[in-house]
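See structure below.
The values are calculated or read from the model by the stated rules, or taken from the named source; none is laboratory data. If you're wondering where the values come from, they're calculated on a predicted model, not measured in any experiment. Positions of Cβ are generated from backbone atoms using ideal geometry, with glycine treated the same way; all protein chains shown enter the neighbour counts. These area figures cover heavy atoms from the full protein model, side chains too; ligands, DNA and RNA do not enter into them. Shrake-Rupley method; radii C 1.70, N 1.55, O 1.52, S 1.80 Å.
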Amino acid sequence: MDIQLFLARADNHEPVLAGGLPRRSAYAAPKPRTGPGAPSALENRSGPLDSLAEQRWAVVAPKGAVGDRLLRLIEPLQRQREEEQGSPAIVYRVDPEMRPSATHAWLQRDYWNAVGRRARDLPRYLLLLGDPSLVSWEFQQMLGGEAFVGRLAFTDDQGYEAYVEKALRYAAETPAEGARSLFYTVRDGTPATAQGYRHLVAPSVESALEGQRSGWFPATQIHEIGGGDGMFTADELTAMAQQLLREAERSRAGLLFSLSHGAGAPRQGWRSPEEQRAEQGALVLGRERLTARDLASRPFLPGGLWFLFACFGAGTPARSAYYHWLARLHEMGMTGPAEQVLDALPRGASPFVASLPQAALANPAGPLGVLGHVDLAWTWSFLDHSSPEAGAGTRRRAERFQGLLRALVQGHRFGPAHHEITRFFCSLSTELSTMYDEDAEPGGPQAIGGGPREAARAGLWMQRQDLGAYVLLGDPAARLPIARWPEGVQAPSSHLATPQSPAANPSVALVMGFDVAPQAPRARGQLSGAGGPEERAEAVLAVLRGGDERATAQRYGIEEAELRRGVGAFLEAGRAALRKRA
């Protein structure tokens, strides 16, 4: 199976790399530059990930007058977060266009020095302000290995003001019952979208439906556009694009997962930097494109989150992380495919946030967050071409994204939800570094000659590059405004007992013999142990209230599989009790 790219020409909408690249092309991948490995300071693991009082929220702004102005624009949001965490927010100021080495030094020095190097006070939620020419993409991506990071970047002050007003408004409004989940695939007949649907979207929809039935994916509705067998005509794709706009308009507090090609350079190149900023990363929907103009004023996923799978969907770097690799392929004689992609890459231009997510986030009736890619998006992010476990050397890795989707509909903040992807990036970085270290040892294994080890190392490099380029636009402390409050998120007094909570349905709780009165807070770092039924019941209730299964299992010291069985038993017993009372 060849490696496919989600990039199309902005003028004729044809894929830049129609035939893909052979898997062996990844053997030419260079050794990665300095980047985050396993996180060393990530979140206070003894406290709830969604608790700002435990994890802390801070702002990162560029030095100088521009940073001063941006800080004034988000003051109302900062006051709100300070109230939630019960302490003033730290404001970090950084130099523009920090490269990886400078970012690494900042993480080791300034990040910690601001709190007197006290781990308990280190902020794990970081909101970056400004365009990546001011606070670099490399800074955001490297910080993602250490913290929950999001960015606000707009071309004018009105964009910042509109987003802040929207975030505060949704925090104060009556929440929706739950998240409505939309899955949208542009089935345009290209190999990239065909593989994307088969190996990522379809398994994710199936997982979501199964989770909806069992309770761990508590979406109020799961709606798919572009599913089924076969491919669609141009007219059908246009009709589906209109259907997407209609469905997104009525999906308050919704989750949208879209997969398509992103718009790249036209055949003759961009006429100006302004044209590139306006058009690059727009979604190619068959004959149509979804651009910033389409989302500037119409309701689109109000208060929701949009996971946008496409090349340059979130933004564009000054220089692609894949440039050296593609240039090496060109030198090795793979001139056709490599040249096609090289011609479409940014070269020395100023980095920027794509106009499409900017318009969506600045729209008062738009989403609170957008997750997308800031480079070339490949099938490597959900397919492991170096794995021998699934035949023909390819294995599906859709689970990398399913944890993100589940966390969002469970009501978790955007930062921890995004970390469901970044943790795979950190794991791959560690594995790749270990492999390079082993290869460098005298007498150690060598990745040469196109053998299995070289294939494995090349696959790790491609997966690492791809997953590391997903960034969050929006406040990492924002969450879908739904009536689900994971541990650490304070529910409004009018919603302390909700249909999703066992406390709101005593018959379900009593059938298991549980006391569902509010529990006393657990001491930081205290684990309950797996022995007592009360402790297991408390863990089950934490998941039913929206807690993450993995984190809850770790906190209570029980196996995740055991916890999942307990949740299933609880729900089944509750249904039986309700049937008897009906």
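Shown here is the pair-distance distribution of the range 217-269: with all Cα-Cα distances grouped in 10 Å bins from zero up to the longest one, the shares run 17, 43, 29, 9, 2 percent. Among residues other than Gly189 with Cβ under 14 Å from its Cβ, the summed charge is -2 (Lys and Arg +1, Asp and Glu -1). With a simple spin-label model that places each label point 7 Å from the Cα along the Cα-to-Cβ direction, the separation between Arg246 and Ala573 comes to 4.6 nm. The 3J(HN,Hα) values that the Karplus relation (6.51, -1.76, 1.60; θ = phi - 60°) gives for the range 182-188 are, in residue order, 10, 10, 10, 10, 8, 7, 8 Hz. Gly and Pro appear as x. What the Cα convex hull of the range 202-322 gives, in volume per residue, is 153 Å³.
Here is the list for the range 71-121: trypsin sites (Lys or Arg not before Pro) lying in DSSP coil, each with at most 12 other C-beta atoms within 10 angstrom of its C-beta, are Arg109, Arg117, Arg118. Among the protein heavy atoms of the range 166-237, carbon and sulfur supply 50% of the accessible surface, probe 1.4 Å, non-protein parts ignored. Note that the range 197-205 has calculated 3J(HN,Hα) couplings of 5, 5, 9, 10, 5, 4, x, 5, 5 Hz, one per residue in order, obtained from phi through the Karplus relation 6.51 cos²θ - 1.76 cosθ + 1.60 (θ = phi - 60°); glycine and proline are x.
Protein heavy-atom accessible surface, 1.4 Å probe, per residue over the range 266-324: 40 Å². Model label sites at Ala172 and Glu560, defined 7 Å from Cα along the beta-carbon direction, differ in position by 4.0 nm. The range 288-302 and the range 212-283 have Cα centres separated by 11 Å. Subtracting the Cα-Cα distance of Ala365 and Glu84 from their residue separation scaled by 0.36 nm leaves 98.7 nm. Accessible area per residue was computed with a 1.4 Å probe on protein heavy atoms; Tyr170 scores about 20 Å².
D by Stokes-Einstein for the range 104-178, Kirkwood Rh over Cα pairs, 25 °C, 0.890 mPa s: 168 µm²/s. As an exercise, use a Förster radius of 30 Å and the Cβ-Cβ distance of Ala491 and Asp121 to find the FRET efficiency, rounded to the nearest 0.05. Efficiency for this residue pair is about 0.70. For Gln85, what is the net charge nearby, where nearby means another residue's Cβ is under 12 Å from its Cβ and Lys, Arg count +1, Asp, Glu -1? Taking every other residue near Gln85 into account, the sum is -2. Think of a 1.4 Å ball rolled over the protein heavy atoms: the range 43-171 then has 39 Å² of accessible area per residue.
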